[in-house]
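Let me begin by presenting the structure, written as structure tokens, before commenting on it.
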């Protein structure tokens, strides 16, 4: 496996950009950011929850502390491709992410309780405890096409742009392709700023000038609130709008 960062502590700010805002911002960021090590990828994630979606329902209540578990890959893997099991926690606005890398085959067996972690350690002990505390199973697949950048003058400031957010509730396997139903309106882009502390003044000023403001947006939360919630708890069938976005009536 390639060496990669396995622990994170940072602030994450999200911004939902219209096509016009996205074009204006990208032009204004020219010379300020550069592609990071993994500049372009299709980020694929499987989110785990219990039968009643307890984790995401708790998260949507905006508690001081929340946590989630997901299986993630960068591009569609094969059974022996590298994936990450990620335990993500948020406390008072600070995001703590712990993850371990293994093959997809190993990860699926481990998360299903069919095999131990191939390389036990502190992070897998934390994941073991989380799995014992919840009756989890795969609940949703979410993918996006990501462009990732770092600031030219500060490589701890990361900027990502996620396009074509899509989801599905079947074929909950990272090897099964990245297709799914669209979650956003055509042309909308989800931007995330990932920073250890406050954003630099030049960036704050730029976002203010373009009238780009933070939003509370969870990919899994949006998937659950707008789509899975109605289907599972109110027996309402999903319908596709002319724009391709799934809604309920």
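The values are calculated or read from the model by the stated rules, or taken from the named source; none is laboratory data. A quick note: this is a predicted structure, and the numbers were derived from the prediction, not measured. With ideal geometry, Cβ positions are generated from the backbone for all residues, glycine too; neighbour counts draw on all protein chains shown.
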Problem - Entirely in the stretch 118-221, the strands (runs of 3 or more DSSP E) that have 3 or more residues that are more than 14 Å from the chain's Cα centre (by Cα) - result: 137-151, 154-168
Exercise for the section: Mind listing whichever residues of the stretch 85-100 are surrounded by 17 or more Cβ atoms within 10 Å (Cβ to Cβ) and in contact (Cβ under 8 Å) with a residue 40 or more places away in the chain? Expected result: 85, 87, 97, 98, 99, 100
Practice task
Scan the stretch 118-127 and give yes if some residue there is without any contact (Cβ under 8 Å) to a residue 60 or more places away in the chain, closer than 22 Å to residue 195 by Cβ and either surrounded by 12 or more Cβ atoms within 10 Å (Cβ to Cβ) or in contact with a strand residue (DSSP E or B) (Cβ under 9 Å, 6 or more places away or on another chain) (or both), otherwise no.
Solution key: no
Handout entry: residue 115 vs. criteria touching a helix residue (DSSP H, G or I) at 6+ places or on another chain (Cβ under 8 Å) and in a loop (DSSP other than H, G, I, E, B)
Key = yes
Handout entry: Tally of residues being over 13 Å from residue 138 (Cα atoms) and either exposed (fewer than 14 other Cβ atoms within 10 Å of the Cβ) or without any contact (Cβ under 8 Å) to a residue 12 or more places away in the chain (or both) across the stretch 39-53
Key = 2
Completion exercise
Within the stretch 61-108, the count of residues that are modelled with pLDDT of 95 or more and outside any strand (DSSP E or B) comes to 12
Practice task
State all residues of the stretch 20-36 that are free of Cβ contacts under 8 Å to residues at least 40 places away in the same chain, outside any loop (DSSP other than H, G, I, E, B) and either touching a helix residue (DSSP H, G or I) at 6+ places or on another chain (Cβ under 6 Å) or loosely packed, with under 13 Cβ neighbours inside 10 Å (or both); if no residue qualifies, say none.
Solution key: 20, 27
